[in-house]
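Single-structure report; data block below.
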Amino acid sequence: MRKYLIAANWKMNPPPKGWDAKDSPYRPQEKIEVVVFPTHLDLQACAKAGLTTGAQSGRPEQTGAFTGDVSMQMVQALGCRYVLCGHSDRRAFHLESDAFVAEQAAAAITHALIPIICIGETETERDAGKSKAVIERQVKPLKLTNDCIIAYEPVWAISRGDPNRPAATSADAEEMHAFIRSLLPKDLRDHIRLLYGGSMKASNVKELLAQPNIDGGLVGGASLKPEEFREIVKIASEK
Ligand code: PEP
């Protein structure tokens, strides 16, 4: 059985109101894993308050001339257990390549961190019918282990609040998750958790998690709203 994991990606935002309260929805839960991804500046406070934390990025090198970055080793020393590798924001704004993302994930494993490796096609790639080719290209360089987690985040489905531009349906997501699972090494196929990311909300989480190859979610916008996030965690815990 793969345990559900719900990850809160706070991106470049302060921790949401009440994040460290006793009944905060961001605290570890009994039936599922809940992990928060604050900015690097808030990591230590979140870890000290007892939240399961992950960094939004980390470089593979241990030290060096990488202005503005932190290393996997530093992330681990702060008390983090997870790290995001290759989020589409990093691929777009920091030009992180498939090969670099694979290096990051390998360094994370070396430093006893669990990498959540983000993959996903852009809208242009999808419109050109290249979704599966892109996913294959992104998965190929990865040196996966049992603990690795992959987050399928179709870039076209991220931050979709507009009803005229809907997020991925659970059928869209499941088709791609099943495809991703088929690409995994046989001995890891049943173990590696596949999270869905792209406008996951309280209103669609139940249907998404009902899909056999979706093992949780990487939640952006909705994770900044404590009551909505509480509902997402509740629904995931009931599954
Ligand atoms: C994200 O950026 O990782 C994400 C999934 O965002 P949202 O949930 O807002 O689409």
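The values are calculated or read from the model by the stated rules, or taken from the named source; none is laboratory data. Source: prediction; values computed, not measured. Here the Cβ is made from the backbone with ideal geometry for all residues, glycine too, and neighbour counts use every protein chain on show. Accessible surface is based on the protein model in full, side chains and every heavy atom, while ligands, DNA and RNA are left aside. Shrake-Rupley method; radii C 1.70, N 1.55, O 1.52, S 1.80 Å.
A few notes on this one:
- Residue check for residue 35: crowded, with 20+ Cβ neighbours inside 10 Å and either without any contact (Cβ under 8 Å) to a residue 40 or more places away in the chain or more than 14 Å from the chain's Cα centre (by Cα) (or both): no
- Test result for residue 8, under 15 Å from the mean Cα position of the chain (by Cα), among the hydrophobic types (A, V, I, L, M, F, W, C), open to solvent by less than 50 Å² (accessible area, probe 1.4 Å) and over 14 Å from residue 114 (Cβ atoms): yes
- Selected residue [within 16 Å of the ligand (Cβ to nearest atom), in a loop (DSSP other than H, G, I, E, B) and basic (Lys, Arg)] from 11, 31, 17: 11
- Pair list, Cβ under 8 Å, 6 or more apart: the range 7-21 residue in contact (Cβ under 8 Å) with a residue 12 or more places away in the chain and on the phi > 0 side of the Ramachandran plot, other residue among the acidic types (Asp, Glu) and within 16 Å of the ligand (Cβ to nearest atom): 11/89
- Residue satisfying condition, being farther than 26 Å from residue 119 by Cα and out of contact with any Leu (no Cβ under 8 Å at 6 or more places or on another chain), within set 23, 89: 23
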